[in-house]
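Chemist: Could you have a look at this structure, given as C-alpha cells, before my questions?
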Amino acid sequence: VMRIAVNDQSHEAMVRAVGLADRLVAVGGHDSYDETIRQRVKGGAVRQIGYGWHQPPLMDALVAARPELLLMKMADLTHTEAMERVAALGVPVLPTFIDAEPHYLGRADWIRLMGLMTG
C-alpha cells in the first residue's frame, strides 16, 4: 500500500511508527502531533477527511485523495454503513476497533499489520 488515508490520530501514529508518514494522503485534520504532517495538511498536500471515530469520513475529500487504503477507526457497528459507502466508492477499507483491544499488545499487532501491508 503506497497511498494511505486514516481517520484517527492513533492510526496516523501507527503509520509514523513504521516510518511511512510520507504515504499519508488523507488524515482526520490538521491537529496532527507531527509537525511535518500538520504542515502538509495546511499546505493542501494531504486531505482532511474528518476525525471519524464518531462520524463517517468526508467522502469528497477521501475520494479526491485517491488512497489505496482507508484505515477506518470505528466506535461501534453503527458505522458500517459509512464503511460500505466508502468501499462502494472504490476505496478499500480496513475497519479497526483498536480501543476495544483487551491488551496493549493488541495495539502492537495493528502496527505489525501496518508494516505487513506496506512492505
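Quick note: the coordinates plus some simple rules give every number you see, no bench work behind them. All values derive from a computational prediction rather than experimental measurement. Using ideal geometry, Cβ is built from the backbone for each residue, glycine included, and neighbour counts are taken over all protein chains shown.
Chemist: Please compute the modelled spin-label separation between E68 and D109, points set 7 Å along Cα→Cβ, answer in nm with one decimal.
Modeler: Between D109 and E68, the label points sit 2.5 nm apart.
Chemist: Right, here's the next one. Can you compute the charge dipole magnitude of the chain about its Cα centre, using +1 on each Lys and Arg Cβ and -1 on each Asp and Glu Cβ, nothing else charged? Give it in debye, rounded to the nearest 20.
Modeler: Computed about the Cα centre, the dipole is about 400 debye.
Chemist: Same structure again: Could you tell me the ratio Rg/Rh of region 1-57? Both radii from Cα atoms, Rh via Kirkwood.
Modeler: Numbers: Rg = 10.0 Å, Rh = 10.9 Å.
So for region 1-57, dividing Rg by the Kirkwood Rh gives 0.92.
Chemist: What full-extension length gain, to one decimal in nm, is calculated for Q55 and D99 as 0.36 nm per residue of separation minus the Cα-Cα distance?
Modeler: Extra length available between Q55 and D99 comes to 14.3 nm.
Chemist: If you take the C-alpha gyration tensor of the chain, multiply each eigenvalue by 5 and take the square root, what semi-axes do you get, largest first, in whole Å?
Modeler: Sorted largest first and rounded, they come to 19, 18, 13 Å.
Chemist: Okay, next question. Provide the packing ranking of 97-106, 36-45, i.e. peptides ordered by the mean count of other C-beta atoms within 10 Å per residue, highest first.
Modeler: Packing proxy ranking, top to bottom: 36-45, 97-106.
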